[in-house]
Each structure stands twice: as C-alpha cells, then as structure tokens.
1. Calculated from the structure, percent of Cα pairs over 17 Å apart equals which of [x] 46; [y] 73; [z] 49?
2. Using 0.36 nm per residue, how much length does the chain from residue 55 to residue 4 gain when fully extended, once their Cα-Cα distance is taken away?
3. Separation between the residue 63 and residue 12 pseudo-spin-labels, each 7 Å from Cα along Cα→Cβ, expressed in nm?
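Every number in this text was worked out from the coordinates using simple rules, so none of it is lab data. Every value quoted in this text rests on a predicted model; they were computed, and no experiment measured them. Note that each Cβ is placed from the backbone with ideal geometry, even for glycine, and that neighbours are counted across all protein chains shown.
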C-alpha cells in the first residue's frame, strides 16, 4: 500500500479482518495464533476491526481477554 499510495495518510485507512488469518503451508486446515496479524495491521493503519473464524486462535480465555483490552486501547476492535 505504501508503494501504491505514498502520499496517503495511512492513519485514515481502516481494515476489517474476516477470520481464518492463520496459514500453514505444511498443514492444510491447521489452526494457530493470529494475535500478531492483528497487531501488524493495527501498527500501520488507523482502524482495525474483525472477527475470528475456526482456524484462528488467541490463547486461553484469560490471554484472549487481555488481548481484547490491548486492542481496545489501540483503536482496534474484536467483534463477537
């Protein structure tokens, strides 16, 4: 995006993540932790919201709640 639109204020761009963000080339249909995917989008864009799907993992319930709080504090929302 930076190469295509170098003069765009990327803090004015948002993205909606629609699940299944985990990819494993060695194990089709594998599941895994996607917190860093969300963090990466949030680092470069002004708004991130999304939902998880069956292949996305965020850790146990306590880790997930901490992560949702981290998202909320940084203009990023998990939608249930």
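1. [z]
2. Here the answer is 15.3 nm.
3. Result: 3.9 nm between the two label points.
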